[in-house]
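**Q** Once you've had a glance at the structure underneath, I'll fire off some questions.
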Amino acid sequence: MLSLHPPHLHYGGKVDWNSQSAGVAFWFRHPGRPCLSLMIADHDAKGRGELVGRLKRREAEAMVELYDKYGKLIYSIIFRAVNNAATAEDLTQETFFRIWSRIQTFNDERGSFEAWLVAVARNRAFDHLRSVRHTAAANMPSLDDLEDTRLFAREENQSDRIAKQRAVKQALEGLNDDQREVIELTHFEGMTQTEIANKLHKPLGTVKSLVRSALKVLRSAAGTGASL
Amino acid sequence: MNCEQFEDLYELYALGVLDGPEKFALEQHLLTDCATCRSRIGLALDQIGFVSASVPLTDPPANLRHRVLNTFAPAKTPRSQSFIPWAIAAALLVSLGTGIVAEDRARRTDAALAQSLNQDLARMQDVLDILKASGTREVAFQNATPQGPHGSVLINAQLGVALVVGNLPVPGPGLKYETWYVPKSGAPRPVKPFFPNEAGVAVVLMQSPADASDLKAVAVSLEPADSNPVKPTTLVFAAPV
């Protein structure tokens, strides 16, 4: 933490936030010795921890904050998957109910809250799509198991998450059309590689190759590769 | 296979879209509690989260906020009819989620799970049918303390009687709950034993008494689990109807 002595400094700042994060940019200049610095304060991590605590204490008002902060993102993820407004509304409601009923299992010192929320929303949508597509559940991993918060990576510094989020978004934009198509079908519509091969009328080997190359790019952008 | 050979599978597994022999091989490997692979799945979940969060944002309908948050609004007194759909949703979610999954996944077949879920769904549908039917009378009840049992009794002479109750403690070892029809004259009659789910919610569907107009109350008592009680042992609550 920086130690500042305001009488000797000129300083200013800028607050920047969006639906998922908040940062504070701060500069200061010492008279006679010009300098400029910047820090990003992870105010959001503290707020997120408090929010999780209030949810665990069953404070209904915390759900208001949760919805206002993540409702649009959760609805958007589900709508992108199911492409139907009425179904997306139902599944969004189900997602928040599930978060409420499962929040006691969430360990905010171990796992990333945002990644977990997104997983709960995505799995509701994938569950729905599986039932519509009559995918044999016996052949698929249980989505319930994939919401076990012990699986999730440890919460990072918020500024690191913002940087990684941007890097992944840029990496997605840099994929070629074929790569982007298979990533969208796996990540946004929950399709297996076999299902993608059938849908696109491409050999399974080709689809696997496309998925593999695209994931390598995303892994590199997110810094989640084997070198870690 | 060793960990390196799973390099391209972590994301697909974490998405729940891995299938075939690759899924089988990774699951078998995970049974060894491999710390490396668990860590990589955690990172994959994070990475997938970044991809999911890059979705083009779509404004939800304005009424969705109210609809979602209404589910979590503090309960009003006296409790209204909205308790019943909430209780049914809670009961279903618990049975679909932690209850059955945690208890039985390892030893029950998919067919048995599906059958159990279908039975739960059918029971909830029956209760909703009673709720919607014309001629159904609903009587809300509440314990003297806010923390005590509360809920509703739905009475339909043709379709049956449904007891929907929340805030019910899990009975101690060797105990069960028993429902009773209390007539205007005569002794209470045991109707059906039950256990609440882990959320303290129970939805009990019963046949209507022979003469619904003679029903004075629906009561719940605690009884030894292996007994066939003829009169209530420990009365938990009675809902006058």
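Read the figures in this text as sums done on the coordinates, not as results from a lab. All of these numbers come straight from a predicted model, not from anything done at the bench. Backbone-built Cβ (ideal geometry, glycine too); neighbour counts: all protein chains shown.
**Q** What is the set of long-range amide H partners of B:PHE237 at a cut-off below 5 Å, with H atoms built 1.01 Å from backbone N?
**A** B:VAL220
**Q** HN-Hα J couplings of segment B:32-47 from phi, Karplus 6.51/-1.76/1.60, θ = phi - 60°, integer Hz, Gly and Pro as x?
**A** Taking θ as phi minus 60°, the curve returns 7, 6, 5, 5, 4, 5, 5, 5, 5, 5, x, 5, 5, 4, 5, 4 Hz for segment B:32-47.
**Q** To continue, here is another question. Just counting partner chain Cβ atoms within 10 Å, what average do the residues of peptide B:35-45 show around their Cβ? Walk me through the numbers on the way to the answer.
**A** Values: counts 0, 1, 0, 2, 5, 6, 4, 10, 10, 7, 12.
Average per residue, whole number: 5.
**Q** Please report A:MET191, B:MET206 as a ranked list, fewest other C-beta atoms within 10 angstrom at the top and most at the bottom.
**A** Ranked by crowding around the Cβ, least crowded first: B:MET206, A:MET191.
**Q** Quick one: net charge around B:ALA212, please, counting Lys, Arg +1 and Asp, Glu -1 for every other residue with C-beta under 14 Å from its C-beta.
**A** Values: positive: B:ARG137, B:LYS184, B:ARG189, B:LYS216; negative: B:GLU138, B:ASP211, B:ASP214.
Its environment carries a net charge of +1.
**Q** Past 19 Å, Cα to Cα, is the threshold; run A:LYS164/A:LYS216; B:LYS176/B:LYS231; A:LYS208/B:LYS23; A:LYS164/B:LYS23 against it and keep the listed order.
**A** In this structure, A:LYS164/B:LYS23 lie more than 19 Å apart at Cα.
**Q** Using a/c under 1.5 as the rounded threshold, could you call segment B:202-241 rounded, prolate or oblate? The axes a ≥ b ≥ c are square roots of the C-alpha gyration tensor eigenvalues, and prolate needs a/b larger than b/c, oblate otherwise.
**A** Prolate, since a/c reaches 1.5 and a/b exceeds b/c.
**Q** Follow-up question, since we're still on this one. Summing +1 for each Lys or Arg and -1 for each Asp or Glu, what net charge is found among the other residues whose Cβ lies under 14 Å from the Cβ of A:LYS199?
**A** Around A:LYS199, the charge tally is -3.
**Q** Within a 10 angstrom radius of the beta carbon, how do A:TYR75, A:TYR67 rank from fewest other beta carbons to most?
**A** Numbers: A:TYR75 27, A:TYR67 21.
Sorted ascending by nearby Cβ count, the order is A:TYR67, A:TYR75.
**Q** Find the eigenvalues of the gyration tensor of the Cα atoms of segment B:158-240, then list the square roots of 5 times those eigenvalues as equivalent ellipsoid semi-axes, largest first, in whole angstrom.
**A** Semi-axes, largest first: 21, 15, 10 Å.
**Q** With a sphere of radius 12 Å drawn around the Cβ of A:ASP68, what net charge do the other residues whose Cβ falls strictly inside it have (Lys, Arg +1; Asp, Glu -1)? List each step's numbers first, then the result.
**A** Working: positive: A:LYS69, A:LYS72, B:ARG65; negative: A:GLU61, A:GLU65.
Once all neighbours under 12 Å are counted, the net charge is +1.
**Q** Give me A:SER220, B:SER52 ranked fewest to most by other Cβ atoms within 10 Å of their Cβ, as a rough exposure proxy.
**A** A:SER220, B:SER52
**Q** Please give the length that would be gained between B:SER208 and B:GLN158 if that part of the chain were fully extended, namely 0.36 nm times their separation in residues minus their C-alpha to C-alpha distance (nm, one decimal).
**A** 17.3 nm
**Q** Starting from the amide H of B:ALA217, placed 1.01 Å from N in the peptide plane, find each other amide H under 5 Å away whose residue is 5 or more places distant or on another chain.
**A** B:VAL182, B:VAL241
**Q** While we're here: At 7 Å along the Cα-to-beta-carbon direction for both B:SER39 and A:LYS169, put a label point, then send me their distance in nm to one decimal.
**A** Result for the modelled spin labels: 3.0 nm.
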